[in-house]
Amino acid sequence: MSLPKHILPTTVVGSYPQPEWLVDRALLSKSVPRTRMHEMWRIPEDRLEEAQNDATVVAIRDMERAGIDIVTDGEIRRESYSNRFATALEGIDADNPAMIVARTGNKTTPVPRVVGKVRRARPIELSDMEFLRRNTDRAAKITLPGPFTMSQQAKNEFYNDEEELAMAFAEAVNEEALDLQKAGADVIQLDEPWVRNNPEVAKRYAVKAINRALKGITVPTVVHLCFGYAAVVPGSTKPTGYSFLSELADTTANQISIEAAQPKLDLGVLKDLSSKTIMLGVLDLGNPEIESVETVAGRIRNGLKYVAAERLVPAPDCGMKYMPRHIAFGKLKAMSDAAAIVRKEIS
């Protein structure tokens with residue numbers, strides 16, 4: 001497939017709500033798991049793949065019906081955006097996790113332990129991409145957890161330092177990305193929310209790790225960063241600016257995806273990314289209401305004050321997996337309709 005030719009193509013960050021019949025959404029709502037959470041699935045293991053396939057088709061069709069130009073598989077098979085890939089690598093012990101204190105300092109989180117050389121022994125998301133490609137004729141994007149973020153979500157008990165660990169993750173991500181590209185991915189996205197959680201460390205080697213992960217990828221690439229899922233991180237606690245953003249100008253990624261609607265981000269920061277296409281968050285996922293088309297159109301117009309139309313891709317702030325499905329669909333439809341209105345205004 002090829003990417004849409006029109007300006008302001010719409011997309012999603014990655015995830016779409018998983019159906020209640022597939023996952024225990026109450027259990028899911030309590031955390032963003034770093035280790036596996038098998039108990040989240042409602043379907044017996046011998047029937048789980050078929051059920052996940054069915055739910056993935058529903059997610060793809062919802063995105064298509066909403067008018068999304070660049071669709072994903074909704075990350076329906078994942079317990080979180082990162083844990084399925086991270087825990088499938090060699091050198092990772094996810095069954096005997098370490099407990100680390102969360103950045104908020106008030107609770108501990110189980111994370112995988114790195115006990116040996118991190119290596120990708122087999123494809124992990126390849127069949128997901130092949131399934132997505134078979135089930136849509138739209139441009140298709142697939143997401144991977146970024147190497148810096150994975151290195152921050154694990155306990156290093158093997159490598160000399162964290163940079164060495166991040167570079168090992170980058171190599172594994174790169175091997176996977178090259179296979180996903182061959183399988184027909186039109187866009188490949190790395191999710192790197194932790195660069196802004198730990199900006200001083202990120203400034204030392206995050207760009208180097210991201211560039212290693214994207215080596216040899218010729219389709220458009222995206223780096224996504226955000227302030228955390230709206231269901232987990234309230235909007236009132238979100239800053240209005242990123243502590244790590246201009247540094248991403250030095251990545252080889254074509255696009256930078258940022259959360260902007262809920263935190264009411266000052267878009268003046270985008271001047272530091274003038275060489276990049278901006279995937280701009282124009283849907284506030286902390287708002288339980290479906291925004292009006294005019295509200296979303298206003299956010300797109302605001303983005304156009306700072307970014308040329310040829311470099312702007314409207315998107316939700318973040319993944320949508322924690323939302324009620326009818327709300328997620330309504331928000332995507334409002335975004336598609338808003339993009340169409342603004343497209344007419346400027347063409």
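Since every read-out is calculated from the coordinates, none of them should be taken as a lab result. From a predicted model like this one, the values you see are computed outputs, not experimental measurements. Every residue, glycine as well, gets a Cβ built from its backbone with ideal geometry; the counts of neighbours run over all protein chains shown.
Here are some notes:
- Top of 14, 281, 67 by mean-square fluctuation, Gaussian network on the chain, Cα under 10 Å: 67
- Residues 115, 101, 23, 71 in ascending order of nearby Cβ atoms (within 10 Å, fewest first): 101, 115, 23, 71.
- For segment 14-91, chymotrypsin sites (Phe, Trp or Tyr not before Pro) meeting the loop criterion (DSSP other than H, G, I, E, B) and having at most 13 other Cβ atoms within 10 Å: 21.
- Amide hydrogen proximity for residue 100: with H placed 1.01 Å from N in the peptide plane, the residues at 5 or more positions away or on another chain lying under 5 Å are 109, 111.
- Residue (of 35, 116, 58) at the positive-pole extreme of the chain, dipole from beta-carbon charges: 58
- In this structure the amide hydrogen of residue 183, modeled in the peptide plane, comes within under 5 Å of no amide hydrogen from residues 5 or more places off or on another chain.
- Qualifying lysines (Cα of each under 22 Å from Cα of residue 155; at least 8 residues distant if same chain): 30, 107, 117, 203, 208
- For the chain, share of DSSP beta bridges that run antiparallel, in % to the nearest 5: 25 percent
- Cα-based equivalent ellipsoid, segment 25-346: semi-axes from gyration tensor eigenvalues, Å: 29, 23, 20
- Label-point gap, in nm, between residue 161 and residue 119 - each point 7 angstrom along Cα→Cβ: 2.5 nm
- Kirkwood Rh in Å, taken over segment 269-347 so that all alpha-carbon pairs contribute: 12.9 Å
- Viscosity 0.890 mPa s, temperature 25 °C, Stokes-Einstein D of segment 71-223 from Kirkwood C-alpha radius, µm²/s: 156 µm²/s
- Residue order, fewest to most surrounding Cβ atoms within 10 angstrom, among 226, 318: 226, 318
- HN-Hα J in Hz across segment 129-138 - Karplus 6.51, -1.76, 1.60, θ = phi - 60°, x for Gly and Pro: 5, 5, 5, 4, 5, 6, 10, 8, 9, 7
- Other-chain or far-sequence residues with amide H under 5 Å of residue 23's (modelled H): 42
- Taking 301, 196, 65 and counting other C-beta atoms within 10 Å, the order from fewest to most: 65, 301, 196
- What the phi angles of segment 281-295 give under the Karplus curve with 6.51, -1.76 and 1.60, with θ = phi - 60°, is a coupling list of x, 10, 10, 7, 7, x, 8, x, 8, 7, 4, 5, 4, 5, 4 Hz, glycine and proline written as x.
- Neighbour count of at most 13 Cβ within 10 Å plus DSSP loop: longest GluC sites (Glu not before Pro)-free window in the chain: 21-156
- The charge dipole of the chain, taken about its Cα centre with unit charges on the Cβ of Lys, Arg, Asp and Glu (plus for the first two, minus for the last two), comes to roughly 580 debye.
- Evaluating 6.51 cos²θ - 1.76 cosθ + 1.60 at θ = phi - 60° for every residue in segment 57-74, the Karplus couplings come out as 4, 4, 5, 4, 5, 4, 5, 5, 5, 6, x, 5, 7, 10, 9, 10, 8, x Hz, glycine and proline recorded as x.
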